[in-house]
1. Has segment 2-14 got at least one residue that is surrounded by fewer than 13 Cβ atoms within 10 Å (Cβ to Cβ) and modelled with pLDDT of 90 or more?
2. How many of the residues making up segment 1-24 are in contact with a helix residue (DSSP H, G or I) (Cβ under 8 Å, 6 or more places away or on another chain) and acidic (Asp, Glu)?
3. Criterion first (surrounded by 12 or more Cβ atoms within 10 Å (Cβ to Cβ) and modelled with pLDDT of 85 or more) does Pro47 satisfy it?
4. Checking Gly59 against (1) more than 19 Å from Met13 (Cα to Cα); (2) at pLDDT below 85; (3) surrounded by 10 or more Cβ atoms within 10 Å (Cβ to Cβ): exactly one of these is not met. Which one?
5. For a quick check of your reading of the model, give me the residue pairs whose first member lies in segment 21-37 and is open to solvent by less than 40 Å² (accessible area, probe 1.4 Å), whose second is in a strand (DSSP E or B) and at pLDDT 90 or above, with beta-carbon atoms closer than 7 Å and at least 6 apart or on different chains.
6. Among (1) at pLDDT below 80; (2) not in a helix (DSSP H, G or I), where does Glu18 come up short?
Amino acid sequence: MGERDIMTMGWHMVMMDEPSLVGCFIWDQNYSHELVRRRQECVVNVPEVTIAEAVVGIGNHHGPEPDKNLRNSG
């Protein structure tokens, strides 16, 4: 299936309503940057407040370790 990553995004904006288009910036030193470049796709999710603590934790880690799968975040 290939590598997967999850990251919190600091810079994003709505660029168009119809069709829906979101712009984002992923720094070239970010682990996710190379994965997105190779795959040419990504998914943007808006988390609910109940997982805010896990989202902050994800944003404070870089790279493939630790496993940032929310199901494993406690």
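The values are calculated or read from the model by the stated rules, or taken from the named source; none is laboratory data. On a predicted model such as this, the values are computed, not experimentally measured, just so you know. Cβ coordinates were reconstructed from backbone atoms using ideal geometry, including for glycine residues, and neighbour counts include every protein chain displayed. These area figures cover heavy atoms from the full protein model, side chains too; ligands, DNA and RNA do not enter into them. Shrake-Rupley method; radii C 1.70, N 1.55, O 1.52, S 1.80 Å.
1. Scanning segment 2-14 turns up at least one residue that is surrounded by fewer than 13 Cβ atoms within 10 Å (Cβ to Cβ) and modelled with pLDDT of 90 or more.
2. Of the residues in segment 1-24, 2 are in contact with a helix residue (DSSP H, G or I) (Cβ under 8 Å, 6 or more places away or on another chain) and acidic (Asp, Glu).
3. It is true that Pro47 is surrounded by 12 or more Cβ atoms within 10 Å (Cβ to Cβ) and modelled with pLDDT of 85 or more.
4. All conditions are met except number (1).
5. Correct list of pairs: Gly23/Met13; Gly23/Met15.
6. Result: Glu18 fails condition (1) only.
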